[in-house]
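The block underneath contains the structure these notes are about, expressed in structure tokens.
We did not get these values from a lab; they are worked out from the coordinates using the rules stated. What you see is a predicted model; the values in this text were computed from it and never measured. For neighbour counting, all protein chains shown are included, and Cβ atoms are generated from backbone atoms with ideal geometry for every residue, glycine included.
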Amino acid sequence: MTNLSSLDLLDRRILSELQRDATLSNAELAERVGSTGPSCWRRVRAMQDQGLLRRAVWIADPSALGQGVIVLCHVRMKEFSAEAIAAFEDFVRAHEQVMECYSMSGEWDYLLRVVASDVADYEHFLMRTLLKHPSVAGASSQFALSTTKYETALPIR
């Protein structure tokens, strides 16, 4: 896998621009980064092949779609067998309201970012879905009051 230090300045510019706006045409991208269309196209394809660029998506506004409640949920596991971990991680991937899942060090085993339409919607997910999973021992939820910063673009230096 390529690391950031092996990328030249043009590759870094391309990565930065595409993280801000993946809808740019190849010609627009080339103009913004000071390159030619064919060169940009080859570099973008190479970054895709290397796994540096995974996919292009639109970022939806959760509030506009009725999913404005953001909950950070810490999860404690009952057991840590390979089967239990795989089952829990498959369970998390299968539930679209779980936007992110991290295996954690410290007191809690996982941290989930969950979206919901309201508190009752989250309570339904928590009580009737998450806590019913056989590997889950407990959970602690914190509700975000507001979003100060939300970025998807990684720093490219």
Practice item. Take the alpha carbon atoms of segment 8-49, find their radius of gyration, then divide it by 2.2 N^0.38 Å using N residues; give the quotient. Key: 0.97
Review point. Nearest 0.05, what FRET efficiency do Gln50 and Asp21 give at R0 = 30 Å with Cβ-Cβ as r?
Key: 0.90
Review point. Which cross-chain or sequence-distant (5 or more) residues have an amide H under 5 Å from the amide H of Ser117, H modelled 1.01 Å from N in plane?
Key: Tyr122
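Pop the C-beta distance of Glu96 and Arg12 into the FRET formula with R0 = 25 Å and round what comes out to the nearest 0.05.
The calculated FRET efficiency here is 0.15.
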Point to revise | Only Lys, Arg (+1) and Asp, Glu (-1) charged, at Cβ; segment 59-132 dipole about Cα centre in debye | key: 120
Exercise for review: Compute the relative contact order of segment 69-143 as a whole-number percentage, counting only Cα pairs closer than 8 Å that sit 6 or more residues apart in sequence.
Suggested key: 52
Point to revise | Rough spin-label spacing in nm, given labels placed 7 Å along Cα→Cβ, for Leu4 and Ser146 | key: 2.9
Point to revise | Distance (nanometres) between label positions extended 7 Å along Cα→Cβ at Glu79 and His124 | key: 3.1
**Study point:** Dipole moment magnitude, nearest 20 debye, the chain about Cα centre, only Lys, Arg, Asp, Glu C-beta charged
**Key:** 420
Practice item. Mind listing the long-range amide H neighbours of Met77? Cut-off is under 5 Å, sequence gap 5 or more, other chains count too, H placed in the peptide plane at 1.01 Å from N. Key: Asp109, Ala137
Review point. If one puts a single equal scatterer on every Cα of the chain and applies the Debye formula without solvent, what log₁₀ I(q)/I(0) results at q = 0.10, 0.17, 0.19, 0.20 Å⁻¹?
Key: -0.53, -1.00, -1.09, -1.14
**Study point:** Leading residue at positive end of dipole, segment 38-139 (Cβ point charges), from Val69, Gln50, Ala139
**Key:** Gln50
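Longest segment of the chain with no GluC sites (Glu not before Pro) in a DSSP loop having at most 14 other Cβ atoms within 10 Å?
1-78
Loop only per DSSP, at most 10 neighbouring Cβ atoms within 10 Å: give me the chymotrypsin sites (Phe, Trp or Tyr not before Pro) in segment 95-157, ordered by residue number. Can you show the working numbers first?
Working: sites: Tyr102, Trp108, Tyr110, Tyr122, Phe125, Phe143, Tyr150; in loops: Trp108, Tyr150.
Answer in residue order: Tyr150.
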Revision key, fill the gap. Taking Cα atoms only, Rg over Rh for segment 69-143 with Rh from the Kirkwood formula is 0.93
Revision key, fill the gap. Within the set Gln19, Gln48, Gln67, GNM on the chain using Cα springs under 10 Å gives the largest fluctuation to Gln48
Exercise for review: Count charges around Leu9 for me, please; just the other residues with Cβ under 14 Å from its Cβ, Lys/Arg as +1, Asp/Glu as -1.
Suggested key: +2
